[in-house]
Structures are given as C-alpha cells and as structure tokens.
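A short worksheet on the structure shown next.
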Amino acid sequence: MLEFLSMRKLGIYVQVPFCQTKCTYCNFHTGVVASSRFVPYVETVCREIRGHRDLLKAAGVGRPEGLVGKSLSQDWLCHETVGDTVYIGGGTPSLLDPAHLQNILDTIRATFSGDLAEVTLEADPETVEAQNAAAWAQAGINRVSFGLQSFADKELIAAGRMHRRADIYRAVPILRTAGIRNISFDLIAGLPHQTKESWRQSLEELAVLAPEHVSVYLLEIDEGSRLGKELLHGGGRYSAGAVPSEDDMAEFYEMAQETLGAAGYHHYEISNWAKPGFESRHNLKYWRREPYLGFGAGAHSFSGTERWANAHHAAAYVSAVQSGRLPVEQHEILTAGGALEEELFLGLRQLDGIDLGKIEEKYGVALGARFDRIASAGLVEREGSLVRLAAEKLSVSNEVFVELLR
C-alpha cells in the first residue's frame, strides 16, 4: 500500500448534474430535469457531506490503515479534516436557488474545519442576476467560472448554448458589483462554424473583459456527445460538417497562447492561464495529486492511495443516500506503477514541468533513458533534472503522453 500523501489541505467538490439544455458537444453525465428535483438533490448532497465518514466506510472506501497523515487524526475521514477549496460544478449549479447553495456551503463549514479560501461556482451567463450574484457573494462564493465557450452567437447557437454574446457583457459587471473579484472564462477551440477570424475575435473580446483566469479546451470528439457521435459516423446533424479541422484547432490553440500571453496571462497548465496569483487553487490539487473529496451524483474523490466515484444517475444516487448507503460506482486502489504514471501525466500538464530526480527517488525507478528518448524526438525539454513538455507540443500533448508511457 502506498503511503498517503502528506495532507496539505483538502479540496471539496460538489457535483450538480442539472442543465437547462444539453449542449451538442457535451459528454458529461448531466440532464435536464424539473426544478422540483433540485431540493431533494441538495438535501441528499448535504446528507452525504454530513455522513461521509460512515458512508465511505460502509462502502469499503478510505480504509484508515492505508492512510497516514500526522496533521490529521488517525482517520482522515473525520470532523477535523481541513478543507481550503470548494468547487461547485456541473452541470449548471447556478440554476440552484442561492439558498440551496448557502445550505451546501453551511453544511461543508459545519463538517470540515479550515478557512475556505477559494469557493468556486460554475455559472452560465444567462443565469446571472444582481440578486442572486449578491446572494452568492454573501454565501462565501468568491470565484465564478463561466462556461462561455465563444463570443460568436452563430457558434453558440450551433453548440446548443442558451446564452448569447450580449449575456456575457451583461453578467460580468453584475458579478463585479456584487464583489466577486475572481472570474474565469472557458473557451472551446473547434466549435462548429468557428473560423480563424471568429476565434481571434473571441480571444480579443475576452482580453477586453479581463477575467482573472482563462481555460481553453480543444473540442473533444467521442461517442459520448451527440456532435462527437455524428462526426465519428460521418453524419451532418448538429453542424458536424462545419467543425474545424484538427490542424485548425491546433492553430487556434497557438493563437490563444500568443493572445493571452500578450494580455498578461501566465500559462500554468496545458489548458489554463491566469493573471498572477489567480491560478485555480482547487484544480491545482488535481494536477498535483493532492487529496479531494467529491459529493453528489458522479462526483470523484482521491485520497492519495485510492480513487472512487459516486454513481452518475442522480435519481439512483438520491435513493441510495436517503436509504443510508453510498452508491460507489468506481473504486480503484492505486498500485505504485499506476501512481507513477499519474505523477508523470499530471505533472507534465503543468508548464513548470516535473523534477525527474525527485520522482525517481520517490518511486525507486530509473526514468532517464525513457525521457532521453522522447527528448531526442523533440517532445520534451530537459534542464538537468527538470523536464517539461516542449512548447510546440502543448497542443498535441496526448500524443506525447502516449509515447512516454509506451
């Protein structure tokens, strides 16, 4: 059994799997449901948070003998567990009544000790109103992550998004007035009808609005989304014929690097840029393999030695927790080899790279020859013990990771 990573601070994730509509590119386990389903779901999430220790033990997860952390009591699944970030994601959690969000955060504060320094809410621009934004800030939400995806209405319509460009310009000042000083924008490179000109326009408009944080994702094409399935099967629905080529997407990514760098953003992870000091504290935990607990349907957790996930179906999740059991759908106890692969894969996603010497010492392995091979192929750069992805390979990083693990 691997030794539990020394506990810094625990990240807490809450999944809200409800949306107003299903975007064509979405491969998440989310659904459109009546708002009457929100209250029982929130009550169930709060019940899971309060009873997580017993629920996880009963599910055979988080075995104390595998967890060593002197900063905590003997069992890390306890009241003394220290949390410092909360991320409420989805779905579209901004659809919830502010009182529901307050209930969730109050339950977290009553269950976990520590100062919640970063509390993020994912929101869609059309859901933002002055009254709910003020209530979010009052509840302790100090960071809002917008799924904008584009500033071009034609692209938003094709993708099935509810908001339009005007909603973005309306929502941002509302959040600023409410006192929320940390805003993140998401953009997707590769949406149907996206062109080099429209993508550049989205980047330039983003820079004018000056969010503190930016995420840029390449369009994922897989069977899990309606658009992805259409593309894979050669269909034409959902504007599949208007999706840019992979080469175009790579060029869009490089344009983002150039534009965001010129606008003062620090590129700190493959898909993420931030103004100095505004890197996502919560998401850094994922890339640094620090512990986090997930609550809600489909939420994932990581203890340092184990990964597990709740069942994705919201109704099944609610029924199970209300009957006193946690429906764990996936549960993996990591091997040393699996942990090493994660260390390399997640570490290299960060632009600072990895310290190869420290990793070799930690896992008792020799990796020099493997990295010499991919460095000679121009896939990574080496400076002594420090290894990072080659700058020109960031847009095709998955190919580098496949070669590394070969």
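The values are calculated or read from the model by the stated rules, or taken from the named source; none is laboratory data. All figures in this text were calculated on a predicted structure; none of them were measured in a lab. Cβ sites come from the backbone with ideal geometry, for glycine too, and all protein chains shown count toward neighbours. For accessibility, only protein heavy atoms count, side chains too; no ligands or nucleic acids. Shrake-Rupley method; radii C 1.70, N 1.55, O 1.52, S 1.80 Å.
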Filtered residues of the stretch 271-297 (kept if open to solvent by less than 20 Å² (accessible area, probe 1.4 Å), assigned to a loop (DSSP other than H, G, I, E, B) and more than 18 Å from residue 256 (Cα to Cα)): 280, 289, 290, 291, 296, 297
Residue selected from the stretch 182-229 under the condition assigned to a loop (DSSP other than H, G, I, E, B) and over 20 Å from the mean Cα position of the chain (by Cα), by the criterion surrounded by the fewest Cβ atoms within 10 Å (Cβ to Cβ): 223
Conditions (1) in contact with a helix residue (DSSP H, G or I) (Cβ under 7 Å, 6 or more places away or on another chain); (2) over 30 Å from residue 308 (Cα atoms); (3) of a type in the set (Ser, Thr, Tyr); number of the one not met by residue 292: (2)
Residue satisfying all of: in the stretch 361-402; out of contact with any strand residue (DSSP E or B) (no Cβ under 8 Å at 6 or more places or on another chain), assigned to a helix (DSSP H, G or I) and open to solvent by less than 50 Å² (accessible area, probe 1.4 Å); farthest from residue 252 (Cα to Cα) among these: 363
Test: residue 234 is on the phi > 0 side of the Ramachandran plot and at pLDDT 95 or above: no
Residues within the stretch 157-181 that are outside any helix (DSSP H, G or I) and surrounded by 15 or more Cβ atoms within 10 Å (Cβ to Cβ), tallied: 6
Among residues of the stretch 308-333, those that are in a strand (DSSP E or B) and either open to solvent by 50 Å² or more (accessible area, probe 1.4 Å) or acidic (Asp, Glu) (or both), counted: 5
Near pairs, Cβ below 8 angstrom, 6+ apart or cross-chain, from the stretch 366-383 (at positive phi) to any residue that is of a type outside the set (Gly, Ala, Ser) and surrounded by 15 or more Cβ atoms within 10 Å (Cβ to Cβ): 378/393
Scan of the stretch 139-156 for residues that are part of a helix (DSSP H, G or I) and within 24 Å of the chain's Cα centre (by Cα), ordered by number: 139, 155, 156
Looking only at the stretch 334-351, and only at residues there that are open to solvent by 20 Å² or more (accessible area, probe 1.4 Å) and under 19 Å from the mean Cα position of the chain (by Cα), the one that is nearest to residue 405 (Cα to Cα): 345
The stretch 80-106, residues that are modelled with pLDDT under 90 and farther than 20 Å from residue 302 by Cβ: 91
Pairs with Cβ under 9 Å, 6+ apart, first in the stretch 105-119 and farther than 22 Å from residue 54 by Cβ, second open to solvent by 30 Å² or more (accessible area, probe 1.4 Å) and among the basic types (Lys, Arg): 116/109; 117/9; 117/281; 118/281
When residues of the stretch 107-148 are limited to those that are open to solvent by 40 Å² or more (accessible area, probe 1.4 Å) and in contact with a Leu (Cβ under 9 Å, 6 or more places away or on another chain), the one modelled with the lowest pLDDT: 114
Search result, residues across the stretch 255-274 that are closer than 16 Å to residue 215 by Cβ and out of contact with any strand residue (DSSP E or B) (no Cβ under 7 Å at 6 or more places or on another chain): 255, 259, 263, 270
Unique match (being within 23 Å of residue 391 (Cα to Cα), modelled with pLDDT under 95 and of a type in the set (Gly, Ala, Ser)) among 277, 357, 337, 304: 357
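To keep it simple, each residue is scored yes or no on (1) within 19 Å of residue 402 (Cβ to Cβ); (2) touching an Asp or Glu at 6+ places or on another chain (Cβ under 7 Å); (3) among the β-branched types (Val, Ile, Thr).
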position: 271; (1), (2), (3): yes, no, no
position: 275; (1), (2), (3): no, yes, no
position: 285; (1), (2), (3): no, no, no
position: 290; (1), (2), (3): no, no, no
position: 301; (1), (2), (3): no, no, no
position: 309; (1), (2), (3): no, yes, no
position: 358; (1), (2), (3): no, no, no
position: 367; (1), (2), (3): yes, yes, no
Qualifying residues in the stretch 230-249 (those that are among the hydrophobic types (A, V, I, L, M, F, W, C) and surrounded by fewer than 17 Cβ atoms within 10 Å (Cβ to Cβ)) - the one farthest from residue 213 (Cα to Cα): 232
